[in-house]
Each structure stands twice: as C-alpha cells, then as structure tokens.
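What follows is a set of notes on a single structure, which appears directly below.
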Amino acid sequence: MIAIENFMNIFLNVLNDTFRERVWFVGLQGSYGRDEATETSDIDVVVIIDELSAMDIQTYNDMLDTLPHRELICGFISGKEEIMNWEPSDLFQFCHDTTPIKGSLDEVMAVIDESAVNRAIKIGVCNIYHGCAHNMLHEKSEDILRGLYKSASFVVQAIAYKQTGSYINRQKELLQVVSSNEQVIVETFMNLKIGGAIDFNLMSETLFSWSKKWISENS
C-alpha cells in the first residue's frame with residue numbers, strides 16, 4: 001500500500017513549486033483521509049488556490065502527470081471564491097470528510113448551519129430514491145448499486161451528525177450510534193466495500209425502502 005505521508009510530502013512540494021503562494025488549502029479525502037485505505041484505494045486530494053482558470057486546470061494536470069501513482073490520483077480542485085459560494089449542503093460532507101494537509105477549511109465551515117445539514121440529508125435520500133428506482137428498472141447494474149450504497153453511507157453520516165452533533169467518519173464507529181435502519185445500510189456498504197456478494201433485488205429493495213421512509217417522514 002502507498003505510504004501516504006511520503007506521497008503527500010512529494011505532492012505538496014511539487015504543488016507549491018507549481019502554484020507558489022497561490023495555494024490556499026490542500027487536504028485529503030476518502031479512504032486515505034480516514035485511514036481506511038486498501039491497495040486499490042484512490043488518492044483523493046483536495047486543492048484550493050486563489051482563483052482557478054482553465055489554464056490552471058491544464059497546468060495542474062501536467063503537474064499530476066509527473067507524480068508517482070498518477071493512475072490513483074483523483075479529487076477536487078477549485079478557486080477560493082467558488083468554494084466560499086458553494087451550495088452549503090454540499091460543503092457539509094466536503095468539509096467533514098477532508099483531512100487538512102495545508103491550511104484550514106474553518107472559513108468554509110462557517111457557512112454550514114443546521115439547514116445545510118437537513119438539506120444534505122434530504123437531497124441525498126431523494127437522489128438515492130431516484131437512483132434505486134432507475135437502476136431497478138433500467139440499468140440493473142451492480143456497480144451503480146455499490147455507488148448508491150456509498151452515497152447512502154454519506155447520508156447516514158449526516159443523519160448521525162444531526163442526531164448527535166458529532167461527525168463520525170469511520171464506518172465501524174458509525175454503527176455504534178445510528179438506528180437499526182441505518183445500521184443495515186452501513187453494514188451493507190462495508191460488506192460491498194470489501195468485495196462482498198451482491199443480492200441485487202434484496203439490496204436494491206432495502207435501499208429504496210430506506211430512502212422512501214426518510215423522504216416520507218421528513219417532509
């Protein structure tokens with residue numbers, strides 16, 4: 001597995017050489033950010049610079065091409081003004097799932113209030129409801145179902161935050177605080193993440209029913 005601290009030191013040095021004082025924030029998301037990485041995990045890097053142009057995107061791409069493990073590098077890049085004016089419900093998950101490497105997201109976090117958390121949950125379950133119905137009818141894709149359970153795990157994190165006031169980014173810890181309905185979602189996601197077998201109909205119906213219940217009870 002990749003020695004992520006060494007990689008991020010290399011990444012940060014090259015990024016600073018490329019964009020210099022324009023770099024406002026660098027962070028790590030996903031499995032590496034949560035210390036849950038496996039051999040196949042992506043390196044999910046967040047980069048925010050003073051302002052972002054199309055030319056900057058190409059410059060960043062050229063920079064990434066010089067780094068080791070290029071095929072695993074993904075993530076998010078933005079200008080500061082754009083992220084400060086982003087949809088707050090999106091920022092809830094974004095900020096809480098990002099481990100800072102350089103700088104802080106405190107200024108961004110300041111725009112996230114209770115209504116943003118509620119909106120994050122509502123939008124999330126509505127998208128899952130639609131995604132499940134569409135996949136059950138048309139695509140019938142196991143990969144899409146895996147993605148829907150991943151999305152649902154993020155919604156459960158928001159639900160737990162709303163109920164406890166604490167953001168829990170590790171799935172095993174999340175299981176200890178959520179209700180039995182949410183536990184089923186988290187357990188299924190954890191099983192799928194390690195390559196567990198898919199019962200397409202059962203798992204689809206479970207996720208659809210869960211999202212339907214949340215939409216109906218939280219109007």
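Values in this text are rule-based calculations from the coordinates and carry no lab data. Everything numeric in this text was worked out from a predicted model, so none of it was measured. Cβ: placed from backbone, ideal geometry, glycine included. Neighbour counts: every protein chain shown.
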Angle in degrees between helix 200-217 and the longest Cα principal axis of the chain, rounded to the nearest 10 | 90
Net charge over other residues, Cβ less than 15 angstrom from the Cβ of residue 102 (K, R count +1; D, E count -1) = -3
Rounded to 5, the percent of DSSP beta bridges in the range 4-109 classed as antiparallel | 55
Anisotropy class of the range 4-109 from Cα gyration tensor, a/c 1.5 cut = oblate
Candidate cut points under GluC sites (Glu not before Pro) in the range 17-93, DSSP loop plus at most 16 other Cβ atoms within 10 Å of their own Cβ, are 36, 39, 51
Lysine pairs in the chain with alpha-carbon atoms under 23 Å apart, 8 or more places apart or on different chains: how many are there?
-> 18
Please arrange 63, 109, 55, 203 by counting, for each residue, the other beta carbons lying within 10 Å of its beta carbon, fewest first.
-> 55, 109, 63, 203
Roughly speaking, what is the stretch gain from residue 163 to residue 20, that is 0.36 nm per residue apart minus the C-alpha to C-alpha distance, in nm to one decimal?
-> 47.3 nm
Using a 10 Å cut-off on Cβ atoms, rank the peptides 118-127, 179-188 from the highest mean neighbour count down.
-> 118-127, 179-188
Determine, for 161, 32, the number of other Cβ atoms within 10 Å of each Cβ, and report the residues in order from fewest to most.
-> 161, 32
Can you pull the one-decimal nm distance between simple spin-label points at residue 134 and residue 181, each 7 Å off the Cα toward Cβ?
-> 2.4
Taking the Cα atoms only, what angle lies between the long axis of helix 142-164 and the longest principal axis of the chain, rounded to 10 degrees?
-> 90
DSSP loop trypsin sites (Lys or Arg not before Pro) in the range 1-44 with at most 16 other Cβ atoms within 10 Å of their Cβ, which ones?
-> 34
